[in-house]
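Heads up: the structure comes next, in structure tokens.
Every read-out reported here was derived from the displayed coordinates using simple, explicitly stated rules and does not represent laboratory data. Bear in mind that the values here come from a model prediction, so they are computed numbers and not experimental data. Cβ atoms come from the backbone with ideal geometry, glycine included; neighbour counts cover every protein chain shown.
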Amino acid sequence: MRPSHQSRPRVVATRVFRLLLVAFVAILGAASAARAEERVRLAVLPVVVHSLEGREYLQRGLGDMLVSRLGREARIAVIPVEDPATATTDPEAARKSALANGADYVVFGSFTRFGEGASLDLSCASAHDAEQEPRRIYVHADTMAALIPLLDGVAERAAFTVLAGTAAGTSVSTGPRGESRQGELAVQSQTEAQAAAAREALPEPDAASVPAESQPERAEPGLPTDRDAELVR
């Protein structure tokens, strides 16, 4: 049965609508791919851990929590570098690791436990511009549990550095709320002195004598959950 004259326009309109829908989906896919290519690639290196115990677990846990928080910024493609040998506080070595992993920027630094307190001293640097000073991001707290919530601010400041460009020679310090800027600097200076003393007091690790960490294995590797904040204390 041949379609009537009244049904033909409806058939044509349906076909045109389908073609437009396919074209619209294709355009959206191309735009999404273009946005993905435009994202800034940020390598996150394992932190150098200064602690008497749980070094490997602390390194892994802190790295996972930093990666998960940095990954909230859609304009940044986070590249987690899991090789413990890449942990460093040297900007040149960090840049080399970033370039080896195809990154534009790199986050690296150290974590120190001293008594009940803890500090995280990170830097964010351009992988391509060695003349540009790394942006320093420093946080400290009286306990490990109090330090973990500060990681949100660490990630925000690192993301700002990556997206807006590194401010040469600028150091960012985040401490307990309610302190004045002058008070923060005084506390930072005192905390850094305590951390340095704690690092000097730590014995050099002997790979042959240090037993394997008796930490529980994760069921699935990847980003941490909120219970990591309870485990890394």
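Data overview
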{"item": "Residue 119 vs. criteria outside any strand (DSSP E or B) and on the phi < 0 side of the Ramachandran plot", "result": "no"}
{"item": "Residue in the range 138-149 that is touching a Lys or Arg at 6+ places or on another chain (Cβ under 8 Å), assigned to a strand (DSSP E or B) and buried (at least 23 other Cβ atoms within 10 Å of the Cβ) present", "result": "no"}
{"item": "Tally, over the range 135-144, of residues that are under 15 Å from the mean Cα position of the chain (by Cα) and not β-branched (Val, Ile, Thr)", "result": "3"}
{"item": "Members of the range 74-111 that are hydroxyl-bearing (Ser, Thr, Tyr) and buried (at least 18 other Cβ atoms within 10 Å of the Cβ)", "result": "86, 88, 97, 105, 110"}
